[in-house]
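K.L.:
One structure, pasted below without further comment.
The values are calculated or read from the model by the stated rules, or taken from the named source; none is laboratory data. Please read all numbers here as calculations on a predicted model, not as lab measurements. Here the Cβ positions follow ideal geometry from the backbone for every residue, glycine too, while neighbour counts run over all protein chains shown. The protein model used for the area step is the full one, side chains on, heavy atoms only, and it has no ligands, DNA or RNA in it. Shrake-Rupley method; radii C 1.70, N 1.55, O 1.52, S 1.80 Å.
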Amino acid sequence: LTTQASRTLQYSAAKIEAFQAVRAALDTVSQTAANATLNTYYDYYDATRVRRSTNNVPQFSSSSFVPNVYGRCSDLEFVCGKHLVTQPRAQVTHSLFFQAPLDYSQNSGYSQAEGLLNVVGFYLEFYNDKASRPLFATGAPRWRYRLMELVQPTEKASFYSPVDHTWFTTPIASASASTYVRLLAENIVAFVVCPRLASDPVVPQFSSSLTSTYEYDTVPGNATPVQTWSSGTQPASMHQLPPLLRIVFVALDERSAMHMQGTSTQPPDLGFSYDQVFQTPANLTADLATVTAALNDKKLNYRVFQADVPIRGAKWSP
């Protein structure tokens, strides 16, 4: 009885400790994403929905630009979805990138400044822990699913040129990536980001999703499918933050991850295909059931974490 009680206590303590880092990672993602900003404002667009700029309106005086309608504008970008990070390592499931006033700078001259913007992002990868190990650590590196956080100091960031996604793909793939990117938690095997309208108890759980594919991009031309605005009203997501983010983690404990991975450098067989789950928000409940059933079949110890994150800077207007 004493031995059995001791084993049960050790197992319970190990289980709690294993998921502490995942809980902390969920708190970090939630608190940081809540501070996302776009600084949206209104400006003129012409009849073809080309925005007024210094290119077509020199000094905003004599020019062929003819204002036609007001529309939302922003010099920043908020984006989440699939296949956003491919270098140096492809992301697993979803990722999330935005700008937020975190006041982070590596320049001591900015230490007294307030409201400094930073490029921020979160993505899931499968790789080893060699780069994040202390120098005295020896032995073969461990290959794990790893949730990564990007925070780029304000003096290094390129905020005002979001014509593509280089503002976050370049720092991730650069030689200085180790300065900007850090490990948040290991053994998270699924990271889901779903932009949603405010919670409504009358509406079914996931019917208020703002996208049918998990893809959400506030900059026209970068979204999939591409946003168009040739007439009528602007697309709802154009230069507009979502009011709410549903964040979902599916995490294994270290014992289960070690059992599945062993010494292999290839992703383990978890019993499901990433190409067939977390593709459409309408199927999120069914996809979670598919994943958890597969993990149960493998006799793996896992836990699902979920949080609804209100975006403070959102001023949603359909």
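K.L.:
Being within 30 Å of Leu197 (Cβ to Cβ) and either open to solvent by less than 70 Å² (accessible area, probe 1.4 Å) or in contact with a strand residue (DSSP E or B) (Cβ under 8 Å, 6 or more places away or on another chain) (or both) is true for just one of Leu284, Leu270. Which residue is that?
P.N.:
On inspection, the qualifying residue turns out to be Leu284.
K.L.:
Looking at Leu84, Leu116, Leu96 in this structure, which one is surrounded by 12 or more Cβ atoms within 10 Å (Cβ to Cβ) and farther than 26 Å from Ser212 by Cα?
P.N.:
Working: Leu84 fails: farther than 26 Å from Ser212 by Cα; Leu96 fails: farther than 26 Å from Ser212 by Cα.
Among Leu84, Leu116, Leu96, only Leu116 is surrounded by 12 or more Cβ atoms within 10 Å (Cβ to Cβ) and farther than 26 Å from Ser212 by Cα.
K.L.:
Here's something else I'd like to know. Write out, first by first residue and then by second, each pair whose Cβ atoms fall under 9 Å of each other, whose residues are 6+ apart or on separate chains, and whose first residue, in the stretch 298-315, is over 17 Å from Phe19 (Cα atoms) and acidic (Asp, Glu) while the second is open to solvent by less than 40 Å² (accessible area, probe 1.4 Å) and not in a strand (DSSP E or B).
P.N.:
The qualifying pairs are Asp308/Ser30.
K.L.:
Has the stretch 298-317 got at least one residue that is part of a helix (DSSP H, G or I), open to solvent by 20 Å² or more (accessible area, probe 1.4 Å) and touching a strand residue (DSSP E or B) at 6+ places or on another chain (Cβ under 9 Å)? Explain how you work it out, then say what you get.
P.N.:
Just the residues of the stretch 298-317 that are part of a helix (DSSP H, G or I), to begin with: none.
The answer is no; no qualifying residue exists.
K.L.:
Kindly establish whether Phe272 is at positive phi and of a type in the set (A, V, I, L, M, F, W, C).
P.N.:
no
K.L.:
Here is a check on your reading of the model: is His259 surrounded by 15 or more Cβ atoms within 10 Å (Cβ to Cβ), over 24 Å from Tyr214 (Cα atoms) and in contact (Cβ under 8 Å) with a residue 40 or more places away in the chain? Talk me through it step by step, then tell me what you get.
P.N.:
On the way: surrounded by 15 or more Cβ atoms within 10 Å (Cβ to Cβ): yes; over 24 Å from Tyr214 (Cα atoms): yes; in contact (Cβ under 8 Å) with a residue 40 or more places away in the chain: yes.
Criteria met by His259.
K.L.:
Shifting gears a bit: Go through (1) touching a residue at least 40 places away in the same chain (Cβ under 8 Å); (2) over 22 Å from Leu26 (Cα atoms); (3) not aromatic (Phe, Trp, Tyr) and name the single condition Asp275 misses.
P.N.:
(1) is the only condition that Asp275 fails.
K.L.:
Sort out which residues of the stretch 128-143 are open to solvent by 80 Å² or more (accessible area, probe 1.4 Å) and either touching a Cys at 6+ places or on another chain (Cβ under 6 Å) or not small (Gly, Ala, Ser) (or both), and write them in order of number.
P.N.:
Lys130, Leu135, Phe136, Thr138, listed by residue number.
K.L.:
Is it true that Asn187 is surrounded by 12 or more Cβ atoms within 10 Å (Cβ to Cβ), of a type outside the set (Asp, Glu) and in contact with a Leu (Cβ under 7 Å, 6 or more places away or on another chain)?
P.N.:
Working: surrounded by 12 or more Cβ atoms within 10 Å (Cβ to Cβ): yes; of a type outside the set (Asp, Glu): yes; in contact with a Leu (Cβ under 7 Å, 6 or more places away or on another chain): yes.
So Asn187 fits the description; yes.
K.L.:
Also, quick follow-up: Does the stretch 15-34 contain any residue that is among the aromatic types (Phe, Trp, Tyr), at pLDDT below 90, assigned to a helix (DSSP H, G or I) and loosely packed, with under 13 Cβ neighbours inside 10 Å?
P.N.:
Step one: list which residues in the stretch 15-34 are among the aromatic types (Phe, Trp, Tyr), which gives 19.
Pick out the ones that are also at pLDDT below 90 and you get 19.
With assigned to a helix (DSSP H, G or I) added as a condition, the list becomes 19.
Right, trim to loosely packed, with under 13 Cβ neighbours inside 10 Å and you get none.
Looking for residues that are among the aromatic types (Phe, Trp, Tyr), at pLDDT below 90, assigned to a helix (DSSP H, G or I) and loosely packed, with under 13 Cβ neighbours inside 10 Å, one finds none in the stretch 15-34, hence no.
K.L.:
Could you please tell me which pairs satisfy a Cβ distance under 9 Å, a separation of 6+ or placement on different chains, a first residue in the stretch 194-211 that is within 11 Å of Pro242 (Cα to Cα), and a second residue that is at pLDDT below 55 and surrounded by 13 or more Cβ atoms within 10 Å (Cβ to Cβ)?
P.N.:
The qualifying pairs are Cys194/Phe206; Arg196/Phe206.
K.L.:
Yes or no: Thr265 open to solvent by 40 Å² or more (accessible area, probe 1.4 Å), under 22 Å from Ala90 (Cβ atoms) and not in a loop (DSSP other than H, G, I, E, B)? Full working, then the answer.
P.N.:
Details: open to solvent by 40 Å² or more (accessible area, probe 1.4 Å): yes; under 22 Å from Ala90 (Cβ atoms): yes; not in a loop (DSSP other than H, G, I, E, B): no.
Answer is no for this residue.
K.L.:
Moving on to the next point. Working only within the stretch 198-228, note down all residues that are surrounded by fewer than 17 Cβ atoms within 10 Å (Cβ to Cβ) and either under 16 Å from Phe98 (Cβ atoms) or at pLDDT 75 or above (or both).
P.N.:
Start the filter on the stretch 198-228 by keeping residues that are surrounded by fewer than 17 Cβ atoms within 10 Å (Cβ to Cβ), which leaves 198-207, 212-213, 221, 224-226, 228.
Once the filter is applied, which keeps residues that are surrounded by fewer than 17 Cβ atoms within 10 Å (Cβ to Cβ) and either under 16 Å from Phe98 (Cβ atoms) or at pLDDT 75 or above (or both), the stretch 198-228 yields Ser212, Thr213, Gly221, Thr224, Pro225, Val226, Thr228.
K.L.:
While we're looking at this one, here's another question. Being at pLDDT 80 or above, open to solvent by 50 Å² or more (accessible area, probe 1.4 Å) and assigned to a loop (DSSP other than H, G, I, E, B) is the filter here, so list the residues in the stretch 35-53 that pass it. It would help to see each step written out before you state the result.
P.N.:
Residues of the stretch 35-53 that are at pLDDT 80 or above, as a first pass: 35-51.
Okay, now just the ones that are also open to solvent by 50 Å² or more (accessible area, probe 1.4 Å), so 35, 39-42, 44, 47-48, 50-51.
Asn35, Asn39, Thr40, Ala47, Thr48, Val50, listed by residue number.
K.L.:
Among the residues of the stretch 171-183, is there at least one that is assigned to a strand (DSSP E or B), modelled with pLDDT of 80 or more, open to solvent by less than 50 Å² (accessible area, probe 1.4 Å) and more than 22 Å from Gly313 (Cα to Cα)?
P.N.:
Within the stretch 171-183, the first condition is being assigned to a strand (DSSP E or B), and the residues that meet it are 181-183.
Right, trim to modelled with pLDDT of 80 or more and you get 181-183.
Then keep just the ones that are open to solvent by less than 50 Å² (accessible area, probe 1.4 Å); that gives 181.
The next check asks that each one be more than 22 Å from Gly313 (Cα to Cα); those that pass are 181.
The answer is yes, given that some residue of the stretch 171-183 is assigned to a strand (DSSP E or B), modelled with pLDDT of 80 or more, open to solvent by less than 50 Å² (accessible area, probe 1.4 Å) and more than 22 Å from Gly313 (Cα to Cα).
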